[in-house]
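Comments concern the structure below.
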Amino acid sequence: MKMERLIGILSILLQREKVTAPELAEQFEVSRRTIQRDIESLCRAGIPIATAQGAGGGIFIMEGYRVDRTVLTAPEMQAILAGLRSLDSVSGTRRYAQLMEKLSAGTDSLMPSGTHMLIDLSSWYKTSLPPKIEFIQEAIEQHHAIRFTYFSPKGESVRTVEPYYLVFHWSTWYVWGWCRMRKDFRMFKLNRMTELTTGEPFDPRSAPLPDLEPEQIFSIKYQVTVLFHPSCRWRLVEEYGADCFTVELDGRLRFTGGLPDADSVLS
């Protein structure tokens, strides 16, 4: 992708004194002409890039811009690389691993092997989920609507949505977009989608960021109080936190909380 390539080229230029167009073309597996267009794009974005011809020449960032090399420290770069690696755990590809290699080119200290944080966002749905993420990501980038059959507690429906954001929240993947049926922005869980297809192009709207507060997505419908056997302590701590219950005189655990639907209450 062009944006990933531009980030990679800029990172290399910030880390190295000089690099040639053939080197960049080989590393990013594109033509020299494509690299030249990328350099022009970076220049239009305000990055002061210059070129020198002849022996010892190449592409470099003008000296007055060197101060910006310190914008990202090595630990900050390692955190970015760990985050990029986590995206490969979802997509099932090496797209972001390849970007990591390009971002850290020429500086061993920035390689992800130096990090102490590992993030794996994959789930039980390793076969069905990655293709949906890739499909929706491409639809977002190309401004194409998506159509799918959606299964919810209220029933089954066919939706056409203008997608704007892929969201990973509550350990689950969602797409946030304009639902043409509801004529409003809605959040849809990817695991509840089937028969996902591409729709027609659309003109992007001014899309607000989704409000991810739990009460906005999972409105409270039932207030419950439950007494649990002491052996259930680990489950309560895992699901709701160590302060979600009090201990009765007989040792039982009194849980009080709000839940969005009957299924949640019964489970």
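Sorted ascending by nearby beta carbons within 10 Å, beginning with the fewest, Cys244, Cys179 become Cys244, Cys179.
Taking other C-beta atoms within 10 angstrom as a stand-in for reagent exposure, Trp170, Trp176, Trp234 fall in the order Trp234, Trp170, Trp176, fewest first.
In this structure, Thr194 and Val226 have a Cβ-Cβ separation that, at R0 = 25 Å, corresponds to a calculated FRET efficiency of about 0.15. Ranking of Ser206, Ser128 by neighbouring Cβ atoms within 10 Å, starting from the fewest: Ser206, Ser128. The simple Förster model, with R0 at 22 Å and r as the Cβ-Cβ distance, assigns Asp203 and Gln137 a FRET efficiency of 0.70. Applying 0.36 nm per residue to the separation of Thr127 and Asp263 and subtracting their alpha-carbon distance, the gain on full extension is 46.3 nm.
Stretching the chain fully between Glu213 and Thr246 yields a gain of 9.3 nm (0.36 nm per residue, less the alpha carbon separation). Beyond a 22 Å Cα-Cα separation, which of these cross-linked pairs lie in this structure: Lys132/Lys189; Lys154/Lys189; Lys189/Lys221; Lys132/Lys221? With Cα atoms farther than 22 Å apart: Lys132/Lys221.
Placing +1 on the Cβ of every Lys and Arg and -1 on the Cβ of every Asp and Glu, with no other charges, gives segment 218-266 a dipole of roughly 80 debye about its Cα centre.
Values in this text are rule-based calculations from the coordinates and carry no lab data. Since the model is a prediction, treat every value here as computed from it, not as a measurement. No Cβ is skipped: glycine too gets one built from the backbone with ideal geometry, and neighbour counts run over all protein chains shown.
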